[in-house]
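Please treat every number below as a calculation from the coordinates, not as lab data. Every value quoted in this text rests on a predicted model; they were computed, and no experiment measured them. Please note: Cβ atoms are built from the backbone with ideal geometry, for glycine as well, and neighbour counts cover all protein chains shown.
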């Protein structure tokens with residue numbers, strides 16, 4: 001994995017993925033006591049960065065394999081990314097999703113034309129269901145992060161950050177990235193290593209599900225004790241990826257863990273100050289920048305997704321949506 | 001007023017105003033039965049297009065006059081635009097606002113450092129208050145739309161639309177624009193006349209406050225019967241501007257009026273499909289595109305602002321925020 005692979009992915013994504021804006025707001029800076037730049041991946045096609053990796057992986061498949069169709073496991077954002085990219089290629093997609101995934105994510109995945117197969121997270125065997133389907137129909141499995149073309153696709157977000165940060169006059173800075181399996185964090189870290197080595201990725205996770213932070217301290221992969229109990233469904237994963245962890249270990253700064261409640265506070269801040277819609281898992285990096293500040297330095301934050309059920313969003317606003 | 005003045009404004013705004021993205025979403029297109037492109041001015045500095053005109057006007061003032069400070073009348077978005085631009089120039093700003101303006105807009109205007117003077121819309125004489133203050137302190141009045149530099153500033157949004165529409169492969173199309181006094185509509189119309197004459201502006205107003213639509217039919221300015229009773233506070237104005245109306249008359253297609261309830265529906269659609277936050281007045285053009293469709297042609301919509309109190313937004317989601 002290197003920068004060439006990310007540049008190649010960027011060429012395949014041109015005209016498909018959006019170059020999302022790097023937002024900034026004077027009143028947000030004031031609250032934070034430093035300049036905060038927000039890479040708004042919630043404005044990406046399908047509402048999260050996952051479209052980048054999905055389109056990158058599908059476009060890299062040999063044509064014959066691609067035409068047989070694809071399969072993915074996902075609680076929602078990878079599902080939508082794969083389903084949307086599959087529709088663009090005119091191929092079929094089967095997405096295996098847990099029955100307790102957010103209703104909006106299931107509905108959207110279906111709306112993109114994918115066949116959604118639900119399973120029970122506590123009793124069902126996701127891998128068995130997927131393997132059987134893939135074997136029967138000759139589908140290609142598109143893993144959510146342990147796939148070099150997916151990592152390269154997410155890395156295109158890092159290419160944009162490098163260029164936009166230069167334009168905004170950002171010097172040395174941390175780049176806080178919501179982190180599940182580490183596809184986005186590792187892709188961005190690789191891009192910044194080549195294009196903006198003064199910017200350092202720091203993965204941000206939900207408190208109690210900080211396998212990456214603990215793995216970075218230990219130097220070897222650690223596992224979360226459980227897989228449910230956070231509202232940050234997009235970034236709850238059991239353990240860092242096999243391909244992603246070595247990259248994270250080599251390039252990233254220490255991880256940060258934020259409580260769910262702070263993700264809700266960040267959703268309200270993004271609503272008022274940036275006029276963007278974030279989901280809890282997409283808001284943890286902003287939460288870290290606003291509420292777990294360690295320095296006065298400029299900071300870049302990736303707002304990785306905005307596919308949120310309206311009840312969760314309304315709850316965030318009613319709890320933390322005071323005007324002043 | 002011509003394109004040169006808009007190009008000059010664009011040069012003064014470079015590095016200050018954002019080039020906002022032209023968003024598009026497959027699932028939104030599906031709902032609408034045609035391609036919808038959304039110019040997301042809610043992502044503009046201060047949360048609305050008004051910053052463009054305010055910064056344009058302040059930067060065009062002679063330095064001596066500018067340093068004495070500025071004054072503006074506004075229910076909120078022009079207020080924030082002028083207050084923010086004034087702070088950037090390090091000058092003082094006095095903003096005369098109705099006491100029933102949205103709390104968020106009053107709070108933000110103060111947060112940018114402006115002195116806010118509230119008046120009672122039913123009993124107070126806004127002009128008298130403003131004139132006295134301006135005379136006493138030598139402040140320059142920055143009108144919200146009847147000012148050529150303001151119109152030129154709003155026109156920079158049209159320059160971006162022309163370029164972005166070409167890139168997106170849009171041919172002949174209507175450009176639906178939320179319309180109060182007509183500064184944004186006339187500025188965009190002038191820019192498109194020069195740069196993309198196949199794109200035609202159509203002003204969109206709240207039902208019952210469609211003075212511009214009626215004026216366009218009559219050929220002479222008409223006045224609204226009342227000034228309260230719509231949730232679209234940003235675009236309730238008594239009558240078209242003296243400078244803007246001749247431009248609107250020469251260049252725009254027929255106006256469209258949408259009920260408040262449809263603005264709320266559009267807020268919910270923008271939340272789910274575009275992950276942006278719109279205020280009611282900023283959502284009327286999207287409402288027209290989604291709910292008052294007249295053709296299958298591509299359509300461009302300006303989402304002009306996103307400064308909305310959380311209670312209004314929660315109300316829109318609880319009424320129209322179903323997932324499917």
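Once the convex hull of all Cα atoms in chain A is built, its volume per residue stands at 117 Å³. Plainly put, the tip 7 Å out from Cα toward Cβ on residue A:15 is 3.5 nm from that tip on each other copy, the closest given first. Legend: ranking of residues A:278, A:243 from fewest to most surrounding C-beta atoms inside 10 Å; resulting order A:243, A:278. The mean count of C-beta atoms from other chains within 10 Å of the C-beta of residues in B:269-281, rounded to a whole number, is 5. For the pair the range B:71-95 and the range B:25-39, the centres of their Cα atoms are 35 angstrom apart. Taking the fewest neighbouring Cβ atoms within 10 Å as the starting point, the ordered list for A:117, B:177, B:258 is A:117, B:258, B:177. A straight line joining the Cα centroids of the range B:105-145 and the range A:280-324 runs 33 Å. With springs only between Cα atoms under 10 Å, which of A:153, A:169, A:183 fluctuates most in a Gaussian network model of chain A? Judging by the Gaussian network model, the answer is A:169. Shortest first, residue A:117 label-point distances to identical copies amount to 7.1 nm, with the label point at 7 Å from Cα along Cα→Cβ. Of A:53, A:90, A:113, the residue with the greatest mean-square motion in the GNM of chain A, using alpha carbon springs below 10 Å, is A:90. Across every direction, the projection of the convex hull enclosing the Cα atoms of the range A:230-324 has a mean area of 7.0 nm².
Per DSSP helix of 4 or more residues, -39500 (n - 2.57); summed, then divided by the residues of the protein assembly as shown. What does that give at 222 nm, rounded to the nearest 500? The helix contribution divided over the protein assembly as shown gives -14500 deg cm²/dmol.
For the range B:3-119, the mean projected area of the C-alpha convex hull, equal to one quarter of the hull surface, is 9.1 nm². Using a 7 Å projection from Cα along Cα-to-Cβ, the label point at residue B:295 is separated from the same position in the remaining copies by 5.5 nm, smallest value first.
Count, for each residue of B:15-26, the Cβ atoms from other chains sitting within 10 Å of its Cβ, then give me the mean as a whole number.
3
Can you give me the C-alpha center-to-center distance between the range A:176-200 and the range B:3-21, rounded to a whole angstrom? Cα centroid of the range A:176-200 versus Cα centroid of the range B:3-21: 33 Å apart. Pairwise inverse Cα distances across the range B:92-234, averaged and inverted, put the Kirkwood hydrodynamic radius at 17.5 Å.
In the range A:119-166, the ratio of gyration radius to Kirkwood radius, Rg to Rh, stands at 1.24 when only Cα atoms are counted. Per-residue mean of foreign Cβ neighbours for A:30-42 is 1 (Cβ atoms of other chains, 10 Å radius). Counting only DSSP beta bridges whose two residues both lie in the protein assembly as shown, roughly 10 percent are antiparallel. The fraction of all Cα pairs in the range B:197-274 landing in successive 10 Å bins from 0 to the largest distance is 19, 45, 29, 8, 0, given as whole percents.
The order of the peptides B:27-34, B:192-199 by mean Cβ neighbours within 10 Å, most packed first, is B:192-199, B:27-34. Kirkwood hydrodynamic radius of the range A:51-141, from the reciprocal of the average inverse Cα-Cα distance over all distinct pairs: 12.8 Å.
Counting only alpha carbon atoms, the long axis of helix B:183-195 and the longest principal axis of chain B meet at about 60°. Each of A:179, B:252, A:84 was scored by other Cβ atoms within 10 Å of its Cβ. Listed from fewest to most, they are B:252, A:84, A:179. Applying the Kirkwood pairwise sum to the alpha-carbon positions of the range A:273-324 produces a hydrodynamic radius of 12.2 angstrom. With 47 Å as the cut-off, how large is the P(r) tail for the protein assembly as shown, expressed as percent of Cα-Cα pairs? That fraction is 15 percent. Using Cα springs under 10 Å in a Gaussian network model of chain A, which residue among A:15, A:81, A:255 shows the largest mean-square fluctuation? Result for chain A, Cα springs under 10 Å: A:15 fluctuates most.
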